[in-house]
Structures are given as C-alpha cells and as structure tokens.
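As structure tokens, the structure follows; a few thoughts come after it.
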C-alpha cells in the first residue's frame, strides 16, 4: 500500500515538473516574441533593398537595419508583419532628419509600400535641379553619393534633369535616390511629410547577389553614409 502511494506521489511530482518545464518554455517564447515586437516597433527593423534606386550606396539584395527612434516616436497603428492599418498615424514627437541621411518611409502615393531615399532638401530650403546638378539656396550642392548613368540632356528633361525651383515647406523634406536617372523620388511625387518616416538606415547586415547567386561578404557590417 505504501509503495503504491509512493508511486502515485512520484507520478504527480513528474507531471508537475513536466508542466513546470512546459510553462517555462511557453513563458520564455512569449517574452521573446514580445521583446522582438517591441524592438521592431520602437527600436530597430530590418528591410530588404528591392530596386537599384540607391546604387551604388545600396545594391539590390542588400538587407539593412533601420533605427526606428532616430526622428521621433510613433504609436503603432498597424498589425505587425501584415501591414494592415488600424487607424491614422499618431506621432508623439517628430524630428527633421539631417541633410544626407538615408531614410525609410511610407510612400505617399501608397502607404502600404516602403521607400528608401536620401534627404536632400530641408524645410525652408529653396531647391532646384539644373542639368542634373542640385542647387540649394542658389548654391551648388556637392553630393558625393550621386550616381549618373546618363549625361545631362541638351533638351530640358523635366523633372529628371531639370526641376523647380521649389520651396520645401515646414514639416517636409525633399528626397532623392542616389541613382539619379533611375529613381522615383520627390522630383516626381513631391515633398515627404516627416511624420511618414519609418527610420534612418544605419547598416547592411546581409547581402545577396541574385545575379551570381552568391553572398556579398564584403558588404556585411557596412555602416551607411
């Protein structure tokens, strides 16, 4: 009788230990998921480069990390990973990026899509493009990252080679892709509201060359300028 009671007690203890282990693993997984969701929402997020509009700074197949708190804090308004918007944007505070920053933002014409460009014009700037050269407040803007695959046309190509002049309004920036002849940017769709900025691109953590089907190891850990 005593042995039977001992066995029952041992079985109960074993079941309790199993439940304890399952509970610990479940709690650990839930905490990890919540932490990942918090980091993705407020701290850092990964993006993949799908086009060549930022060549040669960013190549197709580059995977980058974007700082979410560089320019302010946004209240999450969509279901994570599904891009289903629940309500209008709520921004607790928002800062204007610096000229030359590479930013990821919601495309104004379709906010389900994310774009990445470089900030060229800041609020209050008087900006124009003449024969592919950018002038800000009547001074030539020397952009070492700009890439031109075609020469400036003898004819006025608006808005690709010739644009403006325009005055960048408050709360907005003027953005352009580094690959100037292959970029849909503010020359085509207008100014970007800073509240639509998702964050600042800071580093390449992975890169895949889909032409050669091989990894670009030399781009790992490259900080973006």
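Read the figures in this text as sums done on the coordinates, not as results from a lab. In this text, all values refer to a predicted model and were calculated from it rather than measured experimentally. Positions of Cβ are generated from backbone atoms using ideal geometry, with glycine treated the same way; all protein chains shown enter the neighbour counts.
Annotation: extensible slack from residue 184 through residue 148 equals 11.5 nm (criterion: 0.36 nm per residue apart, minus Cα-Cα distance). Here the Kirkwood formula puts the hydrodynamic radius of the stretch 45-223 at 17.2 Å, using every distinct Cα pair. Based on the Cβ-Cβ distance from residue 222 to residue 23, what FRET efficiency comes out when R0 is 35 Å, to the nearest 0.05? The calculated FRET efficiency here is 0.25. Per residue, the average separation of C-alpha pairs within less than 8 Å and at least 6 apart gives the stretch 45-223 a relative contact order of 27 percent. Can you give the FRET efficiency for residue 99 and residue 155, using 1/(1 + (r/R0)^6), R0 = 30 Å, r = Cβ-Cβ distance, to the nearest 0.05? With a Förster radius of 30 Å, E is 0.50. The ranking of 173, 194 from fewest to most other beta carbons within 10 Å of each one's beta carbon is 194, 173.
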